[in-house]
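**Q** This structure is in structure tokens; I'll ask about it shortly.
The values are calculated or read from the model by the stated rules, or taken from the named source; none is laboratory data. If you're wondering where the values come from, they're calculated on a predicted model, not measured in any experiment. Don't worry about glycine lacking a Cβ; one is built from the backbone with ideal geometry, like all the others, and counts go over all protein chains shown.
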Amino acid sequence: MSLDTVAKAKANPDTPQPFAELGLKPDEYASIKEILGRRPTSSELAMYSVMWSEHCSYKSSKVHLKQFGEKAVKTDALLVGIGENAGVVDVGQGYAVTFKVESHNHPSFIEPYQGAATGVGGIVRDILTMGARPIAVMDPLRFGPADAPDTRRVLPGIVAGVGGYGNCLGLPNIGGEVVFDETYLGNPLVNALCVGVMKHSDIKLAKAAGAGNLVVLYGAKTGGDGIGGVSVLASETFESKGPAKRPAVQVGDPFVEKVLIECSLEIFAEDLVVGIQDLGGAGLSCATSELASGGSGGMKVQLDKVPLRDPSLSPEEILMSESQERMCAIVEPSKIDRFLEICKKWDVTSTVIGEVTDGTHLEITFNGELIVDVPPRTVAHDGPVYNRPLAQPDYINQVAKEVINPPLPTTAAEIKSTMLKVAGTPNLADKSWITDQYDRYVQGNTIQSQPDDSGMVRIDEKTHLGVAVATDANANWSYLNPYEGAKLALAEAARNIATAGAKPLAVTNCLNFGSPEDPGVMWQFAETVRGLADGCLEMGLPVTGGNVSFYNQTGTVAILPTPVIGVLGVIDDVRTRTPMSFKDAGLELFLLGATDENLSGSEWAYIHGMRGGIAPTADLQREMRLIELLVAGNKSALFTAAHDLSQGGLAISLIEMVLRHNVGATIAIDKPGISLLSETPGRVVVAVTSAKVDELENLAGKHSIPLSKIGATGGDSLVINDATISLDELRTAHTETFKKLFG
Amino acid sequence: MKIGVVTFPGTLDDRDAARAVRYAGGEAVALWHDDAELKGVDAVILPGGFSYGDYLRCGAISRFSPVMEPLIAAAMGGMPLLGICNGFQVLAEAHLIPGALTRNQHLHFLCTDQKIRIENNNTAWTNSYTKDQEIVIPLKNGEGSYQCDDETLKMLEGEGRIIARYVGENPNGSRNLIAGISNERGNIVGLMPHPEHAIDALTGPGVDGLGFFTSVLKAMVK
Amino acid sequence: MATIVVDVMLKPEILDPQGKAVASALPRLGFTFATDVRQGKRFEITVDGEPTAAQLAEVEVAAEKLLSNPVIENFTVRVEK
Amino acid sequence: MATIVVDVMLKPEILDPQGKAVASALPRLGFTFATDVRQGKRFEITVDGEPTAAQLAEVEVAAEKLLSNPVIENFTVRVEK
Ligand SMILES: Nc1ncnc2c1ncn2[C@@H]1O[C@H](COP(=O)(O)OP(=O)(O)O)[C@@H](O)[C@H]1O
Ligand SMILES: [Mg+2]
């Protein structure tokens, strides 16, 4: 079969086409024919099939995600909302910040290093595309059991990939998560978050406006990367002359991306582009159709002009290729020379591949023959929408009946052994084995990074303005109650920012779930979105963007529902941030927030193989009062330190605080088992000087947050009631776990 | 005092190095790898990063950049030249200082707050420190293990050209715990850890790194 | 004592950033002979005595399992000299 | 079209942490054939037509100047097949 053209499609309407192999349903194929009034050409079929895939079209999630828009609070702080590559938030002083989290789960299971590396590369390009300079990355990760052989294959590779790519780009890694659970064994989660900063006037959008403007492809050459999976079939079906199997794995070139970033920022600074789009999933199919539909719809592209790394690629493959490190810009003819000159300076390949027209169709030719002629919106935005059946799974009511009663320590010996166990359990142990492989210093603006509650970067050296970001997901709670789980993760992320004194401003999310074709999973998903949307509305925080990753399951077993929530906040003067720990003896330690019996879904229950029970209910009004208290206390320099309580409860928070600067503490608490191990949300440990205790009491009273004194700092041990654990012992337990597991 | 900071494609810590120069009271001048031009600077810093992606060998490709020609000539003539991390690797590849930097023994990238001891405070870049002063500055690299033959090592030791040594456990397998060395004259220094990330306690482990930059300003006054 | 050599190269269709960097550095230094450069790994494995067929078979397995990543790389095994 | 291969290995006296890591991983996987492993680089350089003597001499120069670092590495150049 030679080149399939629009003319041939009209002449031979009945040529059979491999739509099913490309993942399209018969009715989806039928609606393509209806849109076009003829059968699609093979290139059009390629475009529709990738753009209408779950990954690109959000066809199963769309009906739910629209709540983020519908329920959203109206806020002037949101400069660009959901729908663009990433949302943009006003952080004051003329600065805007953009941030987004995305998944690269499946590729990272197949090839951990490259999968994770290209995950970082992809999210960074999303941020760059908005016109922003990327300034930091984070990496929420999930793995199978820490001691499983496959985790030993997957984890070091993923960590090396995140570091290998991010370090080479010069982006400080300012935080992330590492959680182990057996449901992730065949489905590790690699979520990557990037933050970027720009001036308001620098915001760029993906739109191809202005007839006569040029379409420029720049960056790496196009190869056969990522035309894998379903598309391997496609390339066989399309009879390319190339290698029988196109690589399903994409290999990243972080050096090319670093140069692409600097080159693009120079181009933006001279205001040389009208619109811009990165090439991510679905490659050119996505970039051209999205740019065109961002404008009037008219665009002409000469596909044979695309610079190829592999000359054997067919037009269909060029359209579908997911080769990394490419961007597509719309440039006015008067500015093209300067554009190409800057590309040359950076040694970046750039090619004019087409132009914007005043028509309404995206027309793509190959060697002069018309192979695509479509209304671009139908490719980019009008994909199928499914209202998938959903049903509360049976396990929900079953696990709710389970009694969660792990053994609780009472004697001094039990308290000590519990603390050492908590310090060393993989989910709570020191993560430096991982984070030491990431550059946290580059750019010289990192104020907080691991092991702080949130990452914080300075964005203006003169005014000291900064932003803080935290990501959180509590999959155990989401499993028990996805609605509450989402709200609780939101609250936790917001709290993690507020402990440092930053004011939460905006939310991003990456929703990792099993198969949407499973009504139970779909219910988990719907409940999660409803919870997050309700939570954001209540807290007055807009969702600025996010990502959905479905089909994370091994056979019929889905991963725990894992909504990773990222919250971004602003702090006017980073020099005044509240640190997570103390350097001095003689400070008083208080707990903000009351402790109930919340062992369901706790790490202590997980350690004892207990998964059921009833998740806590999120009290967002209380969370907001706590956040206000923390921000107000920071403003008045009340706190010497503040640290959030979450997974692992008070036990691990105390451990982290005393080990940070090697200053111990003496703690006196009632019911030590529950006090140490319960994971009641909405709690923070703060350290204040004795002179500030009154002020703290007043502030807590004013915000109606329970306050209890739990101890004081000092010494070279952590003393809890009559149990004494030396810091050395505690440190060994906390730090040896990862070294033992991963070498 | 003008101090040039070279940017190669893939350089990352150029802005940090320029900031450090400013903090020390100097004027930072940006130099571009492709211009064989030193713009009248009094000293030059080759900053850290992954120039040319660290492909082939770290520093191997950058070492042939046009800016290197006038730079090598100037440095041979006594102009102070500091190579930090990737810059150290460029100096070694250009054979301005002996030895080579190889893969960390543990094969991982390592970012950590590292204690080092300043063993020679008679160079253009270390005269602000006292001899044997111990300081903490970030170390961050994947190929920071200093290697050379026995003869070179003996020479470096004998001539006091090991300007800084790691204190405590060897972080990367460097011979004799070498963190930094100088040329014979003491104007060219290669240093693996990053003083430019330790000039402000807000953003680094402390301010111990500032001395490298104040040193060169003093050296030039002399 | 003999040396078994395992050469590991990225599959031809996989992007090779290192080879690419070398290929573009060569002409800058005035070397114009190369139309393409690929960079891979070479393992020199020392074994006692002459390598047996069984040993070589074992090396093949090790090359597949440990020395290469079959998702993106090919390898060859041979005895040197 | 021919392929010129340049093999670059660390000099025997230079520490080779990658080779060492492989050597110690092999027995853990049950492979006992190796008494030592060294890891180096292999460059496959594609040239148009049959390589000439002049070209090979040029490759030698490039190998010495760019592809290897003589302080720590040795190299060999040969035409494959
Ligand atoms: N994959 C990772 N990358 C970077 N930082 C991480 C990663 N995993 C954990 N961290 C950091 O380690 C610290 C402790 O992690 P964790 O216990 O999960 O925090 P929290 O309980 O506040 O959610 C945090 O600063 C977190 O950002
Ligand atoms: Mg926290």
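**Q** Tell me, which residue of segment B:124-141 that is out of contact with any helix residue (DSSP H, G or I) (no Cβ under 6 Å at 6 or more places or on another chain) and assigned to a strand (DSSP E or B) is nearest to the other protein chains (Cβ to nearest Cβ)?
**A** B:Lys140
Every residue, every condition in (1) part of a loop (DSSP other than H, G, I, E, B); (2) modelled with pLDDT of 95 or more; (3) surrounded by 15 or more Cβ atoms within 10 Å (Cβ to Cβ), yes or no:
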{"position": "A:Pro13", "(1), (2), (3)": "yes, no, no"}
{"position": "A:Ala20", "(1), (2), (3)": "yes, no, no"}
{"position": "A:Ala30", "(1), (2), (3)": "no, yes, no"}
{"position": "A:Pro40", "(1), (2), (3)": "yes, yes, yes"}
{"position": "A:Phe68", "(1), (2), (3)": "no, no, yes"}
{"position": "A:Lys74", "(1), (2), (3)": "yes, no, no"}
{"position": "A:Ala116", "(1), (2), (3)": "no, yes, yes"}
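**Q** Considering segment A:117-154 alone, what residues qualify as being among the aliphatic types (A, V, I, L, M), within 16 Å of the chain's Cα centre (by Cα) and away from chain C (no Cβ under 14 Å)?
**A** Selection gives A:Val120, A:Ile123, A:Val124, A:Ile127, A:Leu128, A:Ile135, A:Ala136, A:Val137, A:Met138, A:Leu141.
**Q** Out of the residues in segment A:420-432 meeting the condition of being surrounded by fewer than 22 Cβ atoms within 10 Å (Cβ to Cβ) and within 14 Å of chain B (Cβ to nearest Cβ), tell me which one is nearest to B:Gly204 (Cα to Cα).
**A** Checking each candidate, the answer is A:Ser432.
**Q** Return the total of residues in segment A:619-654 being within 16 Å of ligand 2 (Cβ to nearest atom), of a type in the set (A, V, I, L, M, F, W, C) and outside any helix (DSSP H, G or I).
**A** 4
**Q** Are there any pairs with C-beta distances below 6 angstrom linking a residue in segment A:482-508 that is more than 17 Å from A:Thr578 (Cα to Cα) and modelled with pLDDT of 95 or more to a residue that is within 16 Å of ligand 2 (Cβ to nearest atom) and in a helix (DSSP H, G or I), with the two at least 6 apart or on different chains, and if so which?
**A** A:Gly485/A:Trp477; A:Leu488/A:Trp477; A:Ala491/A:Glu623
**Q** Now for a different question. It is to be established whether one or more residues within segment A:441-461 are under 17 Å from the mean Cα position of the chain (by Cα) and closer than 30 Å to A:Val557 by Cβ.
**A** Taking every residue of segment A:441-461 in turn, none turns out to be under 17 Å from the mean Cα position of the chain (by Cα) and closer than 30 Å to A:Val557 by Cβ.
**Q** Consider B:Leu191 carefully, then state whether it is under 28 Å from D:Leu10 (Cβ atoms) and not polar (S, T, N, Q).
**A** Yes, satisfied.
**Q** Return only the number of the condition from (1) farther than 21 Å from A:Arg683 by Cα; (2) of a type in the set (Val, Ile, Thr); (3) within 13 Å of ligand 2 (Cβ to nearest atom) that A:Ile497 does not satisfy.
**A** All conditions are met except number (1).
**Q** Within segment C:4-54, work out how many residues are assigned to a helix (DSSP H, G or I), without any contact (Cβ under 8 Å) to a residue 12 or more places away in the chain, within 14 Å of chain B (Cβ to nearest Cβ) and hydrophobic (A, V, I, L, M, F, W, C).
**A** Result for segment C:4-54: 3.
**Q** Also, quick follow-up: Of the residues in segment A:402-445, how many are polar (S, T, N, Q) and within 12 Å of ligand 1 (Cβ to nearest atom)?
**A** 5
**Q** Related question: Would it be correct to say that A:Pro254 is assigned by TED's automatic domain parsing to the domain that holds A:Asn213 and modelled with pLDDT under 95?
**A** For A:Pro254, the condition - assigned by TED's automatic domain parsing to the domain that holds A:Asn213 and modelled with pLDDT under 95 - is not met.
**Q** Checking A:Ile415 against (1) within 15 Å of ligand 2 (Cβ to nearest atom); (2) assigned to a helix (DSSP H, G or I), which test does it fail?
**A** So the condition that A:Ile415 fails would be (1).
**Q** Residue check, A:Leu465 against (1) within 16 Å of ligand 2 (Cβ to nearest atom); (2) within 14 Å of another protein chain (Cβ to nearest Cβ), all met but one. Which one?
**A** (1)
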